[in-house]
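The values are calculated or read from the model by the stated rules, or taken from the named source; none is laboratory data. Small disclaimer: the values here were computed from a predicted structure and weren't measured. Cβ: placed from backbone, ideal geometry, glycine included. Neighbour counts: every protein chain shown. The area values use the complete protein model at the heavy-atom level, side chains included, leaving out ligands, DNA and RNA. Shrake-Rupley method; radii C 1.70, N 1.55, O 1.52, S 1.80 Å.
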Amino acid sequence: MSRTFLGLPAALPHASDRGTLRDRPFPDAARDALANTQLRRNLGHATSTIRRKRAAVVGEVPDWEQLRDAGAAIKDDVLARLPELLEQFEAAFTARGGHVHWARDADEANRIVTDLVRATGADQVVKVKSMATQEIGLNDALADAGIAAVETDLAELIVQLADDKPSHILVPAIHRNRSEIRQIFLDHMPGVDPALTDEPRVLAMAARAYLRRTFLAARVAISGANFGVAETGTLAVVESEGNGRMCLTLPETLITVMGIEKLLPTWRDLEVFLQLLPRSSTGERMNPYTSLWTGVTPGDGPQDVHVVLLDNGRTAVLADPMGRAALRCIRCSACLNVCPVYERTGGHAYGSVYPGPIGAVLTPQLTGMHGQGDPVDTLPYASSLCGACYEVCPVKIDIPAMLVHLRGEHVDRERERRRLPSAERAAMSAVAWGMRSPGRFAAGERAMGAGRLLARGGRIRTLPPPLRAWSTARDAPAPPRQSFRQWWAGRSS
């Protein structure tokens, strides 16, 4: 193991751009998404369904808040002892016949995995759904090496066949309806029945027939991991379809890419997270398939087992006392399903494999906020700060506070970069000057009454320059005909 890998708190190189879409600021991408009425219908139906299911199963647990507290405490303990726990995991995993590799960034992780696959002589791999491999752009890296990666999760397969991008952490094809999926299968799935209908069961059976042939021919599988247990060197994957179980048991070689923050200290800690995760993600009491493996079992399952421990900016996040809580995330997607911004724009607008509220705080920290118009810098502003994400987070990540923290960092960096104050800063300075004096505040209040001239239907939808940039993204209520001060003065007299 490379000791410099654990050189905390020094920041490591930023995440690779291979797995992210960073070409457009969030406001521009969101504006296009809002114009897509079919997308909004698909998202609204799917997220409302998942919210209802989650609320029902969470309501059955009398100690849910205590479980959330326990989950947060366990993850904080992991972050406080990460170097120690990583070494413990490595020792336990290798003692049971597994191989551990360390990757500083996406490029190093992709190179390790590609070399391992090449060593087997295989030119195709099957994949379990994995956010970590999406983060590093592994499929593209394998394709560059002449290796085809077949996604076996149904939603991931839909996205892959359509040459699309995932838009949700849990349900990557949430932006597609069943009619669209039927057409994707007809256009891109080999051997599909031309009479295929859009009945969900029929679509699932078509995917099953296609994937079964792939599973039986696979020699190499690649997975992520929901959890790794430092005490025993165990890896865990939870899923709902059984495709993961096929990938984890049939091939000769199994390669797992796991973010270093996914560790749990002990086997017993799984008890907490196997209650929190399924209820928060799929609205189920437990996952239909929970697969755990510890190294190699002679004669049973893969005999060549590897794990790549991925940093890719995580130690830089760990070094930020305010931002490190984002590493508690267990990728349940509950925050996406309650977020009013995500529900209206979808995941593609975020330009990252991590969309929604958690993506708005995690992506800027993993990749860095560089200023000078970097689209990633707009993500902390992709929120109304309503707090719904914090209320449902199973490990109590205070996303709203973290968003404000990142916004502050962005403002400070821009202030240092600019020689002249921005229009926003000048306006805020003027407001502060006015509010420091009761007389100036009263005069400003009277002047605000002129805003009624711009109102239509009780709302101000467009302001004159330079305030137009503010009103392009929000409406404001028309000023009342009588201010509070005026009302109070009349009442007193």
Q) Restricting the search to the stretch 406-417, which residues are surrounded by 12 or more Cβ atoms within 10 Å (Cβ to Cβ) and touching a Gly at 6+ places or on another chain (Cβ under 7 Å)? A) R413, E414
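Residue-by-condition table, conditions (1) within 21 Å of the chain's Cα centre (by Cα); (2) surrounded by 14 or more Cβ atoms within 10 Å (Cβ to Cβ):
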site	(1), (2)
R51	yes, yes
A56	no, no
G59	no, no
R68	yes, yes
L79	yes, yes
H101	no, yes
A109	yes, yes
T114	no, yes
V117	no, yes
Q.
Restricting to the stretch 350-381, count the residues that are under 21 Å from S280 (Cβ atoms) and of a type in the set (A, V, I, L, M).
A. 5
Q | Cross-chain or 6+ apart pairs with Cβ under 6 Å, the stretch 383-409 first and free of Cβ contacts under 8 Å to residues at least 24 places away in the same chain, then assigned to a loop (DSSP other than H, G, I, E, B) and open to solvent by less than 30 Å² (accessible area, probe 1.4 Å) | A | P400/G387
Q) Are any residues in the stretch 302-319 in a loop (DSSP other than H, G, I, E, B) and open to solvent by 30 Å² or more (accessible area, probe 1.4 Å), and if so, which ones? A) Q303, A319
Q) Which one of these is touching a residue at least 40 places away in the same chain (Cβ under 8 Å) and of a type in the set (S, T, Y): T133, T114? A) T133
Q) Of everything in the stretch 468-492 that's touching a Lys or Arg at 6+ places or on another chain (Cβ under 8 Å), small (G, A, S) and not in a loop (DSSP other than H, G, I, E, B), which residue is modelled with the lowest pLDDT? A) S471
Q.
For the stretch 249-270, which positions are open to solvent by less than 20 Å² (accessible area, probe 1.4 Å), within 17 Å of A70 (Cα to Cα) and in a helix (DSSP H, G or I)?
A. E261, L270
Q: Please determine, by comparing only the residues of the stretch 418-462 that are in a helix (DSSP H, G or I), of a type in the set (K, R) and open to solvent by less than 100 Å² (accessible area, probe 1.4 Å), which one is nearest to R485 (Cα to Cα).
A: R440
Q. So which of A349, A334, A326 is crowded, with 24+ Cβ neighbours inside 10 Å, in contact with a Cys (Cβ under 9 Å, 6 or more places away or on another chain) and touching a residue at least 12 places away in the same chain (Cβ under 8 Å)?
A. A334
Q) If you take the residues of the stretch 174-203 that are part of a helix (DSSP H, G or I) and open to solvent by less than 40 Å² (accessible area, probe 1.4 Å), which of them is nearest to R344 (Cα to Cα)? A) I181
**Q.** Near pairs, Cβ below 8 angstrom, 6+ apart or cross-chain, from the stretch 61-86 (over 21 Å from W267 (Cβ atoms) and of a type outside the set (S, T, Y)) to any residue that is open to solvent by 10 Å² or more (accessible area, probe 1.4 Å) and in a helix (DSSP H, G or I)
**A.** V61/L67; V61/Q275; V61/R279; W64/V58
Q. Could you count how many residues in the stretch 287-309 are more than 23 Å from the chain's Cα centre (by Cα) and under 23 Å from W102 (Cβ atoms)?
A. 10
Q: Please state which of the following conditions G295 fails to meet, knowing it meets all the rest: (1) open to solvent by less than 10 Å² (accessible area, probe 1.4 Å); (2) at pLDDT 95 or above.
A: (2)
Q) Of all residues in the stretch 364-392 being in contact with a helix residue (DSSP H, G or I) (Cβ under 6 Å, 6 or more places away or on another chain), assigned to a helix (DSSP H, G or I) and among the hydroxyl-bearing types (S, T, Y), which is farthest from L403 (Cα to Cα)? A) T367
(Q) Against the conditions (1) among the aromatic types (F, W, Y); (2) closer than 16 Å to V78 by Cβ; (3) open to solvent by 10 Å² or more (accessible area, probe 1.4 Å); (4) in contact (Cβ under 8 Å) with a residue 60 or more places away in the chain, where does F273 fall short? Just the number, please. (A) (3)
Q) Looking at M369, M402, which is the one that is modelled with pLDDT under 90, within 18 Å of the chain's Cα centre (by Cα) and of a type in the set (A, V, I, L, M, F, W, C)? A) M369
Q. If you go through the stretch 396-417, how many residues are assigned to a loop (DSSP other than H, G, I, E, B) and among the acidic types (D, E)?
A. 1
Q: Would you please list the contacts, defined by Cβ atoms under 8 Å and residues six or more apart or on different chains, that run from a residue in the stretch 168-195 that is on the phi > 0 side of the Ramachandran plot to a residue that is open to solvent by less than 60 Å² (accessible area, probe 1.4 Å)?
A: G191/A209; G191/Y210
Q. Regarding T234, is this residue at pLDDT 95 or above and in contact with a Pro (Cβ under 7 Å, 6 or more places away or on another chain)?
A. no
Q: Kindly provide the set of residues from the stretch 127-142 that are part of a helix (DSSP H, G or I) and either out of contact with any strand residue (DSSP E or B) (no Cβ under 7 Å at 6 or more places or on another chain) or open to solvent by less than 10 Å² (accessible area, probe 1.4 Å) (or both), ordered by number.
A: M131, T133, Q134, E135, I136, L138, D140, A141, L142
Q.
Which of the numbered conditions does V128 fail, given that it passes all the others? Conditions: (1) without any contact (Cβ under 8 Å) to a residue 24 or more places away in the chain; (2) farther than 21 Å from T315 by Cα; (3) not polar (S, T, N, Q).
A. (1)
